[in-house]
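Quick notes on the structure that follows.
The values are calculated or read from the model by the stated rules, or taken from the named source; none is laboratory data. Quick caveat: nothing in here was measured; it's all calculated off a predicted structure. Cβ placement follows ideal geometry from the backbone for every residue including glycine, while neighbour counts extend to all protein chains displayed. Remember, those area values only see protein heavy atoms, side chains included, never the ligands or the DNA or RNA. Shrake-Rupley method; radii C 1.70, N 1.55, O 1.52, S 1.80 Å.
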Amino acid sequence: MRLAVLGGGGFRVPLVYGALLRDAAKPRVEEVVLYDVSAERLEAIGHVLSRLAAGRHSPPSVRTTTDLNAALREADFVFSAIRVGGLAGRTADERVALELGLLGQETTGPGGISYGLRTIPVAVRVAERVAALAPRAWVINFTNPAGMITEAMRRVLGDRVIGICDSPIGLIRRAAAALGLDPARVSPDYVGLNHLGWLRGLTYQGDDVLPGLLADDTALRQVEEARIFGPDWVRTLGALPNEYLYYYYFTRESIAAISGQTRGESLIGQQDAFYAAVRARPGQALAEWRKARRQRDATYMAEARDATDAGERDAADLEAGGYEGIALALMAAIARGEPSTMILNVRNGSAVPGLPEDAVVEIPCSVGAAGVTPLATRPLPGRFLGLVQQVKAVEQTTIEAALTGSAHLAVEAFALHPLVDSVSTARALLDGYRARIPELAALFAPVKKS
């Protein structure tokens, strides 16, 4: 099989390749094609992969290219992990919002809308090239905001594009471990949107064991999300929230915690140092990557943990892996016909009552050789459903704004978001993003005040 990785010069690519090296089952990926707009980044990641493969028997071959068409031809699977505008775009996403007193975060709130606006046109063009050059390929979308981007790409690729995220499986893994259970033997009742969902139940041998976990302070302390939100709040909700809901439930604390250096600004320093080190010492590429990865993982959502005294991330949890494991498991289920149940970003249909049929939702799905089938979920209570409906309306308005170039729709998307507090602020957001992000300046004309 041939796997094309879009965003192939990205920092997480070695995680995917490492998972492929551990995959001995047949059929297996024999060639990996890395595509990126930066030849320099491709070269650096190529050095890391060559050292990962050293001494391995018949590792997947690696080819790099800056030609998208060349990357896609004859691909069986496509992993899309692009970052339009790079980390400079991300820091603008965060800073413009913070300067207006709002949450400055990559995927949640105004920053997520800005990221989606500039990414959607590119992602749709990628989908069109996949449809033309590799119509039988499955696209597994890593690109954030994952639900929004997957929904936009579905307009071209339909069910052959699937979004993934490692936040839900990490939450489930931590909840099961806190109860001394094997995560592979529990069935989660998880429902929501990407970066906005709740674990409402956890079935083990026919019984829902989540209420017992929520009632046990000692066990809850082993779950990072419970430490972040606090035991009283998760018991109030009757569910364990996805970690990104911290930005909704503790908005003021979040803004205060990230008013210094943003995550994007921190990552620019880390990644610039990594790529520079590899250019200077290509023979040390793998060691440099591992050092940078430890720093990156340890600082993930550090502002929320610091603000709530949640402590350091659990070492075992870090070693359990994330996106790469989900992507490879999904690919294996489809290519080898190995039935599995996974939490994925897929078309709703009738799975989540109260949301549009064409909305992409994040829910448990049955996966096999025939593809992906969403599993029906219990209705969301009002305290969850209202937020989900509002954010989904924002996502769908953002998609229309990005595909039509309508500045009025872009302002509407910002204004409708529950983390943006006025229409005037929404206009200021679009003006600020246009001033700092070239892709948005090219997409949207200035909005006339009326």
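Taking each residue as 0.36 nm, the span from residue 54 to residue 341 lengthens on full extension beyond its C-alpha to C-alpha distance by 99.9 nm. Sum up the charges of everything whose Cβ sits under 15 Å from the Cβ of residue 376, counting Lys and Arg as +1 and Asp and Glu as -1, but leave residue 376 out. Taking every other residue near residue 376 into account, the sum is 0.
Taking the Cβ of residue 138 as the center, what net charge do the other residues with Cβ under 10 Å away carry, scoring Lys and Arg +1 and Asp and Glu -1? Numbers along the way, then the final one.
On the way: positive: 136, 160; negative: 76, 159.
Local net charge: 0.
Once all protein chains are placed together, residue 11 keeps about 20 Å² accessible to a 1.4 angstrom probe. Residue 199 exposes around 0 Å² of accessible area when a 1.4 Å probe is run over every protein chain in place.
Whole-Hz Karplus values for the range 137-152 come out as 6, 9, 9, 10, 8, 9, 5, 8, x, 4, x, 5, 5, 4, 5, 5 Hz, taken residue by residue from phi with 6.51 cos²θ - 1.76 cosθ + 1.60 and θ = phi - 60°; glycine and proline positions read x. Compared with the alpha-carbon gap, the fully stretched path from residue 182 to residue 21 is longer by 55.5 nm at 0.36 nm per residue. Remark: spin-label model distance residue 28-residue 136 equals 2.3 nm, labels positioned 7 Å along the Cα→Cβ axis. Rounded to the nearest whole Å², what accessible area per residue is found for the range 28-174 with the 1.4 Å probe? On a per-residue basis, 34 Å².
I need the peptides 269-277, 149-157, 185-193 ranked by packing, meaning the mean over residues of other C-beta atoms within 10 angstrom, with the highest value on top.
Details: 269-277: 16.0, 149-157: 24.6, 185-193: 21.4.
Descending packing order for the listed peptides: 149-157, 185-193, 269-277.
Of the residues 253, 357, 265, 106, ranked by 1.4 Å probe accessible area with the largest first, the sequence reads 357, 253, 265, 106.
The list (i) 30, 28, 23; (ii) 38, 23, 21; (iii) 39, 27, 20 gives values of semi-axes √(5λ) of the Cα gyration tensor in Å, and only one came from this structure; which label was calculated from it? Here the calculated entry is (i).
Residue separation of residue 66 and residue 205 scaled by 0.36 nm, minus their Cα-Cα distance, works out to 45.0 nm of gained length.
Taking label positions 7 Å along the Cα-Cβ direction at both residue 39 and residue 421, the computed distance is 5.0 nm, reported to one decimal. Each residue was assigned an accessible area with a 1.4 Å probe, and for residue 15 the value is about 30 Å².
Scalar couplings 3J(HN,Hα) for the range 369-386, obtained by applying the Karplus form with A = 6.51, B = -1.76, C = 1.60 to θ = phi - 60°, are 4, 7, x, 10, 10, x, 9, 4, 10, 5, x, 6, x, x, 5, 9, 4, x Hz; x denotes Gly and Pro. If you restrict to DSSP beta bridges whose two residues both lie in the chain, what percentage is antiparallel, to the nearest 5? Counting only bridges with both partners in the chain, antiparallel ones make up about 55 percent.
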